[in-house]
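Student: Attaching a single structure in structure tokens format; questions to follow.
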Amino acid sequence: MGAENGAWTYVAQGFWEWNEQRGGHHLGEDWNGIGGMDSDLGDAVYAVADALVLYAGVPSEGWGQVVILGHRLPNGTILQSMYAHLLDHRVAVGELVMRGAMIGHVGTADGLYPAHLHYEMRVGELLSVGPGYANETSNHILPRSAPPSQP
């Protein structure tokens, strides 16, 4: 987000951090611009790897605009990257996007939170937005541990 290579961002809430208010562990990473609060509102969000757009829309209150991309690794494993709390999305379901393609802009989930990007990585084909917090990881993985989709 921000710059195509992710520069000028930090992780405000990490993967699997406990959130007492939400009563569960965080299933993704919340990325903020270096200035914090709404300093990153409207910053571009880019696809992490070549992908097929599996979902683009507003699944429920609290998520804002969401984009889910599907990535197939050379060994056939399917990974999904999810980008949530977006101000808008610039892709359509079924569209093929390349790594680094702009897919939307950082938002506030319709004013519910200060601007940030909620980013998740998942393994498998099951398409679900799901909750942002839980007590088991299911198919979620640490975003920075995801293998690259290109050699």
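Student: Counting other Cβ atoms within 10 Å of each Cβ, which GluC sites (Glu not before Pro) in segment 9-94 have at most 10 and sit in a DSSP loop? It would help to have the intermediate numbers written out before the result.
Tutor: Working: sites: GLU17, GLU20, GLU29, GLU61; in loops: GLU17, GLU20, GLU61.
Counting only loop positions with at most 10 other Cβ atoms within 10 Å, the GluC sites (Glu not before Pro) in segment 9-94 are GLU20, GLU61.
Student: Put VAL129, VAL93, VAL67, VAL123 in order of accessible area, largest first, 1.4 Å probe: what do you get?
Tutor: Solvent-accessible surface, decreasing: VAL93, VAL123, VAL129, VAL67.
Student: How high is the relative contact order of the chain, given as a whole-number percent (alpha carbon pairs under 8 Å, six or more residues apart)?
Tutor: On the way: 382 pairs, mean separation 40.7, N = 151.
Dividing the mean separation by the residue count of the chain yields 27 percent.
Student: Got a number for the accessible area of TYR46? Probe 1.4 Å, square angstrom, nearest 10.
Tutor: It works out to around 60 Å².
Student: Take the alpha-carbon positions of the chain, form their convex hull, and give its projected area averaged over all directions (one quarter of the hull surface) in nm².
Tutor: Values: hull surface 32.6 nm².
If I average the Cα hull's projected area over directions, I get 8.2 nm².
Student: Another one. Leaving out ligands, DNA and RNA, and with a 1.4 Å probe, what % of the accessible surface on the chain is carbon or sulfur? All intermediate terms of the calculation are to be shown ahead of the outcome.
Tutor: Values: 4090 of 7580 Å².
Carbon and sulfur atoms account for 54 percent of the accessible area of the chain.
Student: Please give the per residue accessible area of the chain, computed with a probe of 1.4 Å over protein heavy atoms only, in Å².
Tutor: Details: 7580 Å² over 151 residues.
Ligands and nucleic acids excluded, the result is 50 Å² per residue.
Student: Pick out, from GLY124, VAL97, SER60, the residue whose Cα sits farthest towards the positive end of the charge dipole of segment 21-151, with +1 on the Cβ of Lys and Arg and -1 on the Cβ of Asp and Glu.
Tutor: Checking the options against the dipole of segment 21-151, the answer is GLY124.
Student: When the C-alpha atoms of segment 32-85 are aligned to their principal axes, what extent does each axis show, in angstrom, from largest down?
Tutor: Here the Cα extents, ordered largest to smallest, are 40, 27, 12 Å.
Student: Over segment 50-139, what portion of Cα pair distances is larger than 22 Å, expressed as a whole percent? Display every interim value, and only then the final one.
Tutor: Values: 976 of 4005 pairs.
Taking all Cα-Cα pairs of segment 50-139, the fraction more than 22 Å apart is 24 percent.
Student: Against the empirical 2.2 N^0.38 Å scaling, what ratio does the C-alpha Rg of segment 62-114 come to? Don't jump to the answer; show the numbers that get you there.
Tutor: Values: Rg = 12.6 Å, N = 53, 2.2 N^0.38 = 9.9 Å.
That ratio works out to 1.27.
The values are calculated or read from the model by the stated rules, or taken from the named source; none is laboratory data. This is a predicted model, so every value here is computed, not measured. Positions of Cβ are backbone-derived with ideal geometry, glycine not excepted, and every protein chain shown enters the neighbour counts. To get the accessible areas, we keep the full protein, side chains included, count just its heavy atoms, and leave off ligands, DNA and RNA. Shrake-Rupley method; radii C 1.70, N 1.55, O 1.52, S 1.80 Å.
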